[in-house]
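These notes are about the structure you will find just below.
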Amino acid sequence: MSIRIDGLSKKFGGHVAVQEASIEVGTGKLVALLGPSGSGKTTLLRLIAGLEFPDEGRVFFHGEEVTQKSAYERRAGFVFQHYALFQHLSVFDNIAFGLEVRPRATRPCKDEIRERVHCLLKLVQLEPFAKRFPAQLSGGQRQRVALARALAIEPRVLLLDEPFGALDAKVRKELRAWLRRFHDETQITSLFVTHDQEEAFEVANEVVILNHGHIQQIGAPGLIQREPANAFVHDFLGLDFQI
Amino acid sequence: MKKQLLILAVALLSASGIARAVELLNVSYDPTRELYTEYNAAFARYWKSKTGQEVEVKQSHGGSGKQARAVLDGLEADVVTLALAYDIDVLAEKGLLPADWQTKFSNNSSPYTSTIVFLVRKGNPKGIKDWNDLIRPGISVITPNPKTSGGARWNYLGAWAYAEKTFGKDEAKTKEFIGKLFKNVPVLDSGARGSTTTFVQRGIGDVLIAWENEAYLSLKEFGADKFEIVTPSLSILAEPPVAVVDSVAGRHGTRPVAKAYLAHLYSEEGQEIAGKNFYRPSDPKAAAKFASQFGKVTLVTIDEAFGGWKQAQSKHFADGGIFDQIYTPASK
Amino acid sequence: MAGAIQDLTTLRNATRPRRATEEGPLVRWALILVSVAFFTAFLLLPLVAVFAEGLRRGAALYLQTFTDPVTLDAIRLTLITAAIAVPCNTVFGVAAAWAITRFEFRGKQFFSTLIDLPLWVSPVIGGLIYVLLFGSQGVLGPWLQAHHWRIIYSTPGIVIATVFVTFPFVARGLIPLMQAQGVAEEEAALTLGARGWQLFLRVTLPKIKWGLLYGVILANARAMGEFGAVSVVSGHIRGLTNTVPLQIEILYNEYAFAAAFALASLLSLLALVTLGVKSYVEWRARQQLEESQS
């Protein structure tokens with residue numbers, strides 16, 4: 001399931017958040033949106049998810065245009081920076097949520113739901129925590145629940161908004177590696193936002209660098225490092241000046 | 001209420017003479033609560049025995065002017081039994097009943113009359129004997145607000161009549177008298193009953209200017225050991241009239257019952273109940289029977305002393321009238 | 001609800017050591033004493049007096065008050081009015097809170113301020129506007145009369161006037177709460193495929209339930225106790241258009257003082273129950289807030 005965006009633009013009031021963004025994310029790829037704060041990367045992600053609607057431009061999932069479709073129609077799994085777990089529901093119920101709200105026709109039966117949730121809990125290594133509530137979990141655990149919840153609906157694509165931003169350094173490193181392994185296993189088309197270049201370069205197949213709503217460069221990590229497209233990329237990545 | 005309307009409409013359409021329950025709304029002034037509680041039960045019995053029909057009379061009480069205003073705004077009164085003719089004239093002006101309504105029942109449509117007397121604390125510590133005692137400095141007088149209360153207007157006119165008799169045609173002196181009287185009033189309630197409660201229960205004031213029937217009722221309720229009645233030398237004949245509100249009764253189909261309801265007030269039973277509740281029955285026989293329970297007082301009528309209600313209302317109680325000119329709250 | 005959030009802050013502050021800006025113990029005690037004295041004089045004593053006066057003629061007469069058919073009619077009317085007005089305003093309040101906290105539209109601030117209108121306006125005005133609108137001499141009067149629809153001086157008028165005066169309570173309980181809670185969970189639910197009603201019932205409602213309950217309780221207490229607005233539109237027809245507060249006035253004016261106070265004690269009981277439930281709700285809401293913030 002590939003993602004393609006074509007000339008997306010979005011303004012909030014007088015402020016331009018995203019300008020003429022065009023990206024292609026091939027099926028099964030893991031792409032990072034990298035840039036300083038205010039560069040529009042989160043807005044771009046939300047445009048793809050359907051949580052915002054663009055002023056101009058189009059969004060395609062595997063060739064099918066989804067620009068006018070709202071979030072609940074796009075089946076794009078979204079992992080929020082601050083998890084956005086349902087505080088009043090247990091871990092189990094959080095993960096099962098996406099399946100429980102399906103219309104009667106496509107809703108799996110109770111047993112099936114239970115099986116799937118347990119499968120996911122195993123995947124994120126949180127099986128013993130099924131009955132706990134989000135308030136009783138650590139940051140890293142919550143993030144894994146958020147991930148499992150997003151995966152429960154068998155999303156076409158997976159979108160992560162600074163997934164490790166709220167965690168401390170050690171946990172972040174662990175989860176980073178874990179995410180890489182996870183992606184290799186599942187091959188789900190994923191797009192994640194980060195301001196941490198180390199993270200982007202370590203985890204992603206491809207990196208998109210943004211500044212002030214404009215895309216500066218798209219390419220494999222190694223390529224960008226060897227051939228920065230402009231001065232901004234050069235400075236942002238802290239590369240040595242090359243004559 | 002709408003359901004009741006429907007039932008009445010069906011009753012009307014079907015063959016007449018079939019007995020069904022009927023409801024009347026009697027919008028009355030403040031002090032008549034006890035009177036109509038007793039009378040309504042008596043009338044229901046009378047009507048049932050006469051026609052076999054069940055009738056329930058619902059009551060609403062409040063300051064006479066306030067009630068008239070409510071009827072104008074849509075309070076669906078089948079009959080009104082208010083404190084003074086002017087309040088019913090107001091309804092006639094808006095077409096709710098004919099302009100000659102007062103001729104529909106005898107005695108100017110007043111089945112009972114009353115007058116204005118004083119209620120004082122037992123032993124009459126302030127020595128109140130007559131109207132001129134009310135203007136003495138340091139006397140606290142309780143009376144309701146003439147703008148809303150019928151009783152208050154009768155009070156005012158009683159005082160004015162007395163002053164006019166004393167000072168002859170010197171209107172300036174009369175005005176001054178009334179002004180002094182109202183200067184002694186600490187609080188103006190909106191209805192006669194409110195003032196009675198202020199005087200009797202809250203213990204405010206030295207003298208209450210009250211409907212005669214209110215005064216006697218207070219004695220009965222609170223014991224003659226707490227209060228006594230002082231009848232002034234001269235007072236005004238208060239004629240609280242009754243009328244069928246034709247437009248409403250017509251809509252409800254209750255005209256015959258409503259007419260009978262008011263007519264029965266003039267019957268022996270009705271007059272007896274009025275007298276028992278300290279109203280002066282207008283039927284001479286009944287009046288004679290109850291004469292001994294009232295004090296002796298020279299009564300003047302509104303027509304004699306004031307040229308009728310229309311004149312009195314416009315001269316004294318309308319916006320900018322004499323009451324507005326002279327009234328200043330006692331605290332000022 | 002904002003009060004619950006503030007209380008939490010106070011709780012946190014209370015456990016800190018004394019800061020330079022705090023007043024000395026003398027001032028603190030003086031303030032406490034004045035507050036307690038005020039509370040006792042203006043709230044506690046009258047409340048005690050109501051019960052004392054109601055029981056003055058003995059418990060038997062006290063209970064007899066509640067068997068009088070006219071009084072029972074008044075209680076019934078009060079219950080019916082509250083049963084209609086409170087759910088109505090709950091729906092309005094939730095809808096208004098949702099619109100204000102989730103949408104951007106022109107005049108949003110004005111609308112938000114307008115919701116509070118019934119709180120600043122005298123209740124008498126609240127009743128009068130409906131007389132002016134629906135009375136026979138009013139704007140819609142003739143039309144209503146032609147269709148035999150009675151609003152003023154009948155139950156519908158009383159309900160409408162009550163809806164007016166209790167309108168802000170639910171909305172005001174919810175707006176600051178929903179603003180503080182943010183939309184993250186709702187957005188998450190959207191991405192998971194929930195929409196419309198599902199979103200509201202499964203995600204929003206559980207989050208706002210204590211704030212909602214708080215608003216509903218206050219609205220109910222006000223609906224049952226409202227006097228001014230209802231008095232204007234009532235017509236005071238015995239047994240038909242008198243609510244409990246109006247009936248209390250009538251009993252008082254008929255020298256039935258013990259009965260009046262007995263009925264008043266019923267309202268006072270309602271007030272105490274409301275206070276109790278409100279405190280419980282605030283406590284639970286505080287718990288919920290603490291949990292979600294840890």
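Miscellaneous remarks
- Percent of C-alpha pairs per 10 Å bin, chain B, short to long: 6, 26, 33, 22, 9, 3, 0
- Filtered trypsin sites (Lys or Arg not before Pro), the stretch A:73-168: DSSP coil and at most 11 other beta carbons within 10 Å: A:R104, A:K131
- Angle in degrees between helix A:91-100 and the longest Cα principal axis of chain A, rounded to the nearest 10: 90 degrees
- Under a model in which nothing but the beta-carbon of Lys, Arg (+1) and Asp, Glu (-1) is charged, chain A shows a dipole of about 960 debye around its Cα centre.
- Check: chain C dipole with +1 on Lys, Arg Cβ and -1 on Asp, Glu Cβ, in debye: 400 debye
- Projecting label points 7 angstrom from Cα along Cα→Cβ for B:R45 and A:S9 puts them 9.2 nm apart.
- Simple Cβ-charge dipole of the stretch B:53-200, Lys/Arg +1 and Asp/Glu -1, about Cα centre, in debye nearest 20: 900 debye
- With a Förster radius of 51 Å applied to the C-beta separation of A:D168 and C:A83, the computed FRET efficiency comes to 0.40.
- Candidates B:Y46, B:Y86, B:Y216, ranked by Gaussian network fluctuation over chain B, Cα under 10 Å, top entry: B:Y46
- The DSSP beta bridges internal to the protein assembly as shown are antiparallel in roughly 55% of cases.
- Once the Cα-Cα distance is subtracted from the 0.36 nm per residue extended length, the C:T67 to C:Q287 segment shows a gain of 74.9 nm.
- Equivalent ellipsoid, the protein assembly as shown (semi-axes from 5 times Cα gyration tensor eigenvalues, Å): 78, 30, 25
- Counting beta carbons within 10 Å around each of A:R226, A:R102 and listing the fewest first gives the order A:R226, A:R102.
- Where labels lie 7 Å past Cα in the beta-carbon direction, separation of A:R132 and B:S106 in nm: 9.7 nm
- Counting Lys and Arg as +1 and Asp and Glu as -1 over every other residue whose Cβ lies under 15 Å from the Cβ of B:L157, the net charge comes to -1.
- Charge tally in the Cβ shell below 14 Å around C:F92, where Lys, Arg are +1 and Asp, Glu are -1, C:F92 excluded: 0
- Hydrodynamic radius (Kirkwood) for the stretch A:173-243, which is based on Cα pairs only, to one decimal in Å: 13.2 Å
- GNM remark for chain C: springs join alpha carbons under 10 Å apart, and the peak mean-square fluctuation among C:L192, C:L213, C:L26 falls on C:L26.
- Residues C:F110 and A:W178, FRET efficiency given R0 of 35 Å [Cβ-Cβ distance, rounded to 0.05]: 0.10
- Note on chain A: with a GNM built from Cα contacts shorter than 10 Å, the maximum mean-square fluctuation among A:E154, A:E52, A:E185 falls on A:E185.
- Mean Kyte hydropathy of -1.0 or more with a Cα span along the axis of at least 30 Å, helices from DSSP in chain C: C:69-102, C:155-181, C:257-293
- Between helix B:33-51 and chain B there is an angle of about 20 degrees, using the helix long axis and the longest principal axis of the Cα atoms.
- Each helix, a run of at least 4 DSSP H residues, gives -39500 (n - 2.57); summed and divided by the residues of chain B, these come to -13000 deg cm²/dmol at 222 nm.
- Across the stretch A:89-150, Cα-Cα pairs more than 16 Å apart make up 38 percent of the total.
- Taking the number of Cβ atoms within 10 Å of each Cβ as an exposure proxy, the fewest-first ranking of B:Y39, C:Y62 is C:Y62, B:Y39.
- With the helix formula -39500 (n - 2.57) applied to DSSP H stretches of n ≥ 4, chain C reaches a computed 222 nm mean residue ellipticity of -24000 deg cm²/dmol.
- Going from the fewest other Cβ atoms within 10 Å to the most, the residues A:K173, B:K285 appear in the order B:K285, A:K173.
- Spin-label model, C:L117/A:K110: points 7 Å from Cα along the beta carbon direction are separated by 5.0 nm.
- Signed unit charges on C-beta, dipole axis of chain B, positive-most listed residue B:Y39, B:L217, B:F317: B:L217
- Neighbour net charge for B:D133 - beta-carbon separation under 12 angstrom, K R +1, D E -1: +2
- Against chain A, whose longest principal axis is taken from its Cα atoms, helix A:169-186 shows a tilt of about 80°.
- Within straight-line reach of A:K131, meaning a Cα separation under 20 Å, sit the following lysines at least 8 residues removed in sequence or on another chain: A:K110, A:K122, C:K207.
Each value in this text was obtained by applying a stated rule to the coordinates, not by laboratory testing. All figures in this text were calculated on a predicted structure; none of them were measured in a lab. All Cβ positions, even for glycine, are placed from backbone atoms using ideal geometry, and neighbour counts span all protein chains on display.
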